[in-house]
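The values are calculated or read from the model by the stated rules, or taken from the named source; none is laboratory data. Bear in mind the structure is a predicted one, so any value in this text is a computation, not a measurement. Counting neighbours? That spans all protein chains shown, and the Cβs are built from the backbone with ideal geometry, glycine included.
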Amino acid sequence: MDFKIGEVEEKSTAQKTKERDKKLTMIIVVTVALIFGLLFFAIANALLGTKEPEEEPAKEVKLEVTNQNVKILYSYVTYGTGVRRNEKFIKEKKVTIDSFTNQEKLYYAFQFVQAKDLVFTEKYDDNHKKIYNLPDEVIRDNVIRFFGPNASYTTLEDFTYQFKNFSYGGQNLAKLTPSTGPTGGYNLVFEGTNKKEDSSLVEPFYTSLVAAYQEPNGSYRLEEKIIYVQLSKVSDSYNVYIYKDYGKTQLIEAKTNQTEAMLVANPIQMNDYLEVASTITYRFNLYNNTLYFESSEITMK
């Protein structure tokens, strides 16, 4: 038998070429498919977008009214030198720093004055009473403590002030006059004590701190309920009128023919009027990690 070696070799080469072409075609198909797949993914991603999870916006935090910061801030705005608090915030519908007179600024700032802040000038007045100096540096620090670093004030006017935190020789009522000394501020002479306010069967207003919040920016918001009361005597009995507003135009309730014994036995309870009472909202701004008074506003339902 004759073998044709040349024909066998030629056939083998042709088979190899065919197989190579087949593999190349497969690679091209796979590559093209991969390119189209990636292109499709890129287009779909561009159209639909990849949404990253959104951060929840910061929320205000409700605080207990017994929170230490809340108690301190509330004491600032309810301060009074007499038996009752000052009426600034309970009679004015809207209060901002610009709403305060110079004396009102000093009134609220002086609640922070301590006995150690006063310096004996080594001088006496005509009645041989010691003259003390309250330096302007102390006054400025206390004004800032309540109203913030942008508050302005002057120490140019005489006035009388009753200090609550201390007294000298049993006297806490001081006459203040502008000081011309190197420390500026005011010179003080203690002249007595304030007369006690007459007691009453009912208070002119009743209040209750009902809510407090810390807002996302760190500022505080306090909410206080308030009612206003008018007492009138008719013969041997009393009429009691309870209002929503300081001007006493929005009547909530009238209690007539009340005897003194009845008023003593059944005193007005603020909790009975929370749903219908007006609300005073106090706001305190946070600046350099310190809270300062910003505003108050009275709203009625």
Residue check for residue 223: at negative phi, exposed (fewer than 15 other Cβ atoms within 10 Å of the Cβ), among the acidic types (Asp, Glu) and in a strand (DSSP E or B): no
Every residue from region 256-289 that is surrounded by 11 or more Cβ atoms within 10 Å (Cβ to Cβ) and free of Cβ contacts under 8 Å to residues at least 12 places away in the same chain: 262, 272
Members of region 95-143 that are in contact with a Phe, Trp or Tyr (Cβ under 8 Å, 6 or more places away or on another chain) and more than 30 Å from residue 280 (Cα to Cα): 115, 118, 119, 120, 121, 129, 130, 131, 132, 133, 134
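Let's see how each residue does on (1) exposed (fewer than 14 other Cβ atoms within 10 Å of the Cβ); (2) in the same structural domain as residue 248 (by TED's automatic domain parsing); (3) not in a helix (DSSP H, G or I):
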{"residue": "90", "(1), (2), (3)": "no, no, no"}
{"residue": "103", "(1), (2), (3)": "yes, no, no"}
{"residue": "109", "(1), (2), (3)": "no, no, no"}
{"residue": "123", "(1), (2), (3)": "yes, no, yes"}
{"residue": "128", "(1), (2), (3)": "yes, no, yes"}
{"residue": "140", "(1), (2), (3)": "no, no, no"}
{"residue": "153", "(1), (2), (3)": "no, no, yes"}
{"residue": "160", "(1), (2), (3)": "yes, no, yes"}
{"residue": "175", "(1), (2), (3)": "no, no, yes"}
Matching residues in region 54-103 - criterion: being over 15 Å from residue 219 (Cα atoms) and hydroxyl-bearing (Ser, Thr, Tyr): 66, 75, 76, 78, 79, 81, 96, 99, 101
Answer residue from region 234-248, given it is in contact with a strand residue (DSSP E or B) (Cβ under 7 Å, 6 or more places away or on another chain) and in a loop (DSSP other than H, G, I, E, B) and is surrounded by the fewest Cβ atoms within 10 Å (Cβ to Cβ) among those: 248
Filter pass, residue 229 being buried (at least 16 other Cβ atoms within 10 Å of the Cβ) and assigned to a strand (DSSP E or B): yes
Residue match in region 224-240 (condition: among the aromatic types (Phe, Trp, Tyr) and over 26 Å from the mean Cα position of the chain (by Cα)): yes
Close pairs (8 angstrom Cβ cut-off, 6 or more residues apart or separate chains): under 26 Å from residue 165 (Cβ atoms) in region 58-76, of a type in the set (Lys, Arg) anywhere: 65/71
Any hit, region 197-206, residues being out of contact with any strand residue (DSSP E or B) (no Cβ under 9 Å at 6 or more places or on another chain) and under 27 Å from residue 158 (Cβ atoms): yes
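Rundown of residues vs (1) modelled with pLDDT of 95 or more; (2) β-branched (Val, Ile, Thr); (3) under 21 Å from residue 286 (Cβ atoms), yes/no style:
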residue	(1), (2), (3)
156	yes, no, no
164	no, no, no
171	no, no, no
190	yes, no, no
196	no, no, no
208	yes, no, no
215	yes, no, yes
Candidate set: region 111-121, residues that are among the aliphatic types (A, V, I, L, M) and surrounded by 14 or more Cβ atoms within 10 Å (Cβ to Cβ); chosen: the one farthest from the chain's Cα centre (by Cα): 119
Test result for residue 210, assigned to a strand (DSSP E or B), over 30 Å from residue 259 (Cβ atoms) and touching an Asp or Glu at 6+ places or on another chain (Cβ under 6 Å): yes
